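These notes are about the structure you will find just below.
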Amino acid sequence: MKLPIIKHLTEFIQQNDEDFVVEAAETLEALTEVSSLKEEELDVIGELISNMYGAIEVHKMIQEGVAPKQALNDFMKRVLGSIDK
């Protein structure tokens, strides 16, 4: 996951609508079923999907009253904490 991408997508959600990002992620998920995709291509698609769902999570925290910067930091700590386990 890339923090700058999650931040940018979170700002996009705030300016537009979460549904755009949800639908884009669902479209990318459908693309992963194409049998001719190479492993590297699947990795890129997976990274994009992860960033999109991460931005949705950060946006939800912001809606609950968490400051944007704190929401990003808390999310990344949670992600890094789950990787360490």
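The values are calculated or read from the model by the stated rules, or taken from the named source; none is laboratory data. Predicted model, so just to flag it, every value in this text is computed and none were measured. Every residue, glycine among them, receives a Cβ derived from its backbone with ideal geometry; neighbour counts consider all protein chains shown.
Below are the figures for this structure:
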quantity	calculated
Residue in the range 43-57 that is part of a loop (DSSP other than H, G, I, E, B), over 21 Å from Gln15 (Cβ atoms) and more than 12 Å from the chain's Cα centre (by Cα) present	no
Inter-residue pairs, beta-carbon under 8 Å, first closer than 18 Å to Leu3 by Cβ and in the range 33-49, second of a type in the set (D, E, K, R), 6+ apart	Glu47/Lys2; Ile49/Glu29
Matching residues, the range 30-85, being within 20 Å of Phe20 (Cβ to Cβ) and among the hydroxyl-bearing types (Ser, Thr, Tyr)	Thr32, Ser50, Tyr53
Qualifying residues in the range 58-69 (those that are assigned to a helix (DSSP H, G or I) and modelled with pLDDT of 95 or more) - the one surrounded by the most Cβ atoms within 10 Å (Cβ to Cβ)	Val58
Some residue of the range 45-57 being of a type in the set (Gly, Ala, Ser) and in contact with a Leu (Cβ under 7 Å, 6 or more places away or on another chain)	yes
Extreme residue, farthest from Lys60 (Cα to Cα), among residues of the range 9-31 that are part of a helix (DSSP H, G or I) and without any contact (Cβ under 8 Å) to a residue 12 or more places away in the chain	Ala30
Residue in the range 19-34 that is in contact with a helix residue (DSSP H, G or I) (Cβ under 6 Å, 6 or more places away or on another chain) and at pLDDT below 95 present	no
